[in-house]
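So the structure is just underneath, and the comments pick up after that.
The values are calculated or read from the model by the stated rules, or taken from the named source; none is laboratory data. Only a predicted model underlies this, so the values are computations on that prediction, with no experimental measurement involved. Counting neighbours? That spans all protein chains shown, and the Cβs are built from the backbone with ideal geometry, glycine included.
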Amino acid sequence: MRAVWRPLIRPGTPYSHPTLSRVNRVVCSGGGPGGTPAPRGTSRQRRLEETAARSSLKTLEDFVASGLSDSTHKQRSSAYKSYVTAVEAAGLNPQEFNVINVVAWLHAMASSSYAYATITNYLGNVRRQFKERGVSDLNAQEERVIELALRAARKVVGDPGPKKAVALSLEQIVTVAAGMSQVDSDLLLAGVMGLFRCSELFSLLAGHVQVTCGGASLFINKSKTDQYWMGKKVFLGCVAPIPVTGHTCGLDACVAHRLVRRSILCEAPDSNLFDTDRQSFAERLRARVVDVIGCHPSYATTHLMRRSGAVIYHRYGVPLVELAQMGRWSNSSSLEGYLQHVADAPGYFSELTAEVWRERLWFLLVVI
């Protein structure tokens, strides 16, 4: 028989992080000889000296490098490798960062059909790496040459902009979810309603779900905009006609209580909330979305959950500033891109223009 645990019912009750709940803790009454308190900072000072004595150049380099994320390191490595490959092939010295090297590199990338966004991203990464090594940057005249080279590259490869996941309407999301398994449906609806990043969804544990007075809260221990593990709570409201405080509201369409029930059925607080993996879910979601709206598979990525949620909330009048807070964006400026490339845009804008003009025209006809 599977063990069943129950999350705290009373809203606001503190709880321990599930992965730390099993750690034994020992409390000492005194740290010095004879039970007398140790002088404050003695052990810390000793650790400071020991750590400094063991430090090597490699240790310090790794420490500084840890300030960047793994994805940033991969981008930097890929960009520098591209630079070295192109410059060496041109018979130039890749250890130098000068206008001839850069133009030769940009020309090679443009001729090889690199995306324009990749070209500019690579250039920025390589420029920063040389600057970190103390190599002087280009002068104003050389910068002008680079600017013209970038324009030329843009003409060669075009600039359609970054490929974005399609954003679905609320009706389309419900249709997609209806044809999926229970776990996939819960993932999709939670991702859209809570504006979750896929990495945030798959880091959720059973103990991260709590009942609240209005539905449920989900604790995100780390996210893209929270690299220091401060943690963030996402609140999902009960959609029943009369919100229920408890483990269920009796409405299957209520995402908040579906997640509460799912957490209760987990074996332990530190069990994964969703018993599936990210890659297989992404494949099933892509197949289902393509089947429903007929878009190209490359646009049916898991990021559509977050984009769809942003569009849905915005259309229902949620201001961008509040939307940024709900979705844990660092600011609201990046949200403008989320509101484009919506699957139902033709019909939506047709209805929107007709609604605005119909009301005004009828008013003018009556006046005339």
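Quick notes
- Verdict on D291 being surrounded by fewer than 14 Cβ atoms within 10 Å (Cβ to Cβ) and in the same structural domain as R328 (by TED's automatic domain parsing): yes
- Scope the range 212-239; condition modelled with pLDDT under 85 and basic (K, R); matching residues: K222, K224
- Within the range 118-162, considering residues that are among the acidic types (D, E) and under 31 Å from the mean Cα position of the chain (by Cα), the one modelled with the lowest pLDDT: D159
- Some residue of the range 182-200 being in contact (Cβ under 8 Å) with a residue 24 or more places away in the chain, more than 30 Å from P297 (Cβ to Cβ) and in a loop (DSSP other than H, G, I, E, B): no
- Any pair with Cβ under 9 angstrom, 6 or more apart, that starts in the range 96-113 at a residue that is over 16 Å from R151 (Cβ atoms) and assigned by TED's automatic domain parsing to the domain that holds L148 and ends at one that is assigned to a helix (DSSP H, G or I) and of a type in the set (D, E): N98/E142
- Against the list (1) modelled with pLDDT of 90 or more; (2) assigned to a loop (DSSP other than H, G, I, E, B); (3) surrounded by 14 or more Cβ atoms within 10 Å (Cβ to Cβ), the condition R328 fails is (1).
- Boolean, V183 is farther than 13 Å from V289 by Cα and surrounded by 24 or more Cβ atoms within 10 Å (Cβ to Cβ): no
- Within the range 134-150, residues that are loosely packed, with under 11 Cβ neighbours inside 10 Å have Cβ atoms under 7 Å from residues that are at pLDDT below 95 in these pairs: D137/K131, counting only partners at least 6 apart in sequence or on another chain.
- Residue count for the range 43-82, restricted to those that are under 30 Å from S112 (Cβ atoms), in a helix (DSSP H, G or I) and of a type in the set (G, A, S): 6.
- L92 vs. criteria in a helix (DSSP H, G or I) and modelled with pLDDT of 90 or more: no
- The residues listed here are L361, L251; of these, the one that is of a type in the set (A, V, I, L, M, F, W, C), surrounded by fewer than 13 Cβ atoms within 10 Å (Cβ to Cβ), without any contact (Cβ under 8 Å) to a residue 24 or more places away in the chain and out of contact with any strand residue (DSSP E or B) (no Cβ under 9 Å at 6 or more places or on another chain) is L361.
- Residue count for the range 296-321 satisfying the condition of being basic (K, R) and more than 22 Å from D186 (Cβ to Cβ): 1.
- Residue within the range 110-117 that is part of a helix (DSSP H, G or I), at pLDDT below 95, surrounded by 15 or more Cβ atoms within 10 Å (Cβ to Cβ) and among the aromatic types (F, W, Y) present: yes
- Scanning the range 51-85 for residues that are within 26 Å of S223 (Cα to Cα) and either polar (S, T, N, Q) or more than 31 Å from the chain's Cα centre (by Cα) (or both) turns up S66, S69, S71, T72, Q75, S77, S78.
- Checking V292 against (1) β-branched (V, I, T); (2) over 23 Å from V318 (Cα atoms); (3) in contact with a Phe, Trp or Tyr (Cβ under 9 Å, 6 or more places away or on another chain), the condition it does not meet: (3)
- Residue under evaluation A287, criteria (1) among the small types (G, A, S); (2) assigned to a loop (DSSP other than H, G, I, E, B); (3) modelled with pLDDT of 95 or more, criterion not met: (2)
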